[in-house]
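The values are calculated or read from the model by the stated rules, or taken from the named source; none is laboratory data. Predicted, not measured: the structure shown is a model, and the values here were computed from it. Glycine also receives a Cβ, built like all others from the backbone with ideal geometry; neighbour counts cover every protein chain displayed. Keep in mind that these areas ignore ligands, DNA and RNA; they rest on the heavy atoms of the full protein, side chains included. Shrake-Rupley method; radii C 1.70, N 1.55, O 1.52, S 1.80 Å.
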Amino acid sequence: TDADSKRQRAERVDKVLAADLQAFEANREGDFRALFSALGRDQLHIERQVLGEFKAVLDFVRHANDSSSSSTTSLAK
C-alpha cells in the first residue's frame, strides 16, 4: 500500500541520515583530536622555549654573580 511504501521510504531515509550523522560525528571528532593535538604540541614548544629563555637568564645571572664574587674576593686579598 501507499502508507507502507511511505513508511519504508522514511525508514530508509532515517537509516541514511543516521549513518551520515555518525560519519560526520566521527570526522569531526578526528578533526578536533588533530586540532587539539597540534595546539598541545605548539603549547609544549612555547613552554620549552620560555623555560629555555629563563634558564639562559639564570645562567647569565649566576655567571655574573660568580664573576663579581671572584673579583671581590681577589680584591679583598
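Find out how many positive minus negative residues lie around F60, taking Lys and Arg as positive, Asp and Glu as negative, among other residues whose Cβ is under 14 Å from that of F60. Please report the intermediate quantities before stating the final value.
On the way: positive: K55, R62; negative: E53, D59, D66.
So the surrounding residues net to -1.
Using the Kirkwood radius over Cα pairs, work out the Stokes-Einstein diffusion coefficient for the chain at 37 °C and 0.692 mPa s, in µm²/s as a whole number. In µm²/s, the coefficient rounds to 175.
For n ≥ 4 DSSP H runs only, could you compute -39500 (n - 2.57) per run for the chain, divide by its residues and tell me the 222 nm figure to the nearest 500?
Values: 1 runs with 75 residues, N = 77.
Per the formula, -37000 deg cm²/dmol.
Kindly report the accessible area of the chain per residue (heavy atoms of protein chains, probe 1.4 Å, no ligands, DNA or RNA), in Å².
Details: 7080 Å² over 77 residues.
Ligands and nucleic acids excluded, the result is 92 Å² per residue.
Put a dot 7 Å past the Cα of K6, heading toward its Cβ, do the same for F54, and the two dots end up 6.9 nm apart. Counted by Cβ distance under 12 Å from N27, the other residues give a net charge of -2, where Lys and Arg count +1 and Asp and Glu count -1. Full extension of the chain between D31 and V61 gives 6.3 nm of extra length, using 0.36 nm per residue less the Cα-Cα distance.
When the accessible area of the chain is split by element with a 1.4 Å probe, what percent falls to carbon and sulfur?
Working: 4280 of 7080 Å².
With neighbouring chains kept in place, the figure for the chain is 60 percent.
Tabulate in residue order the Karplus-calculated ³J(HN,Hα) for segment 44-57, using 6.51 cos²θ - 1.76 cosθ + 1.60 with θ = phi - 60°, rounded to whole Hz; enter x for Gly and Pro. Running phi through 6.51 cos²θ - 1.76 cosθ + 1.60 with θ = phi - 60° gives 4, 4, 5, 4, 4, 5, 5, 5, x, 5, 4, 4, 4, 5 Hz.
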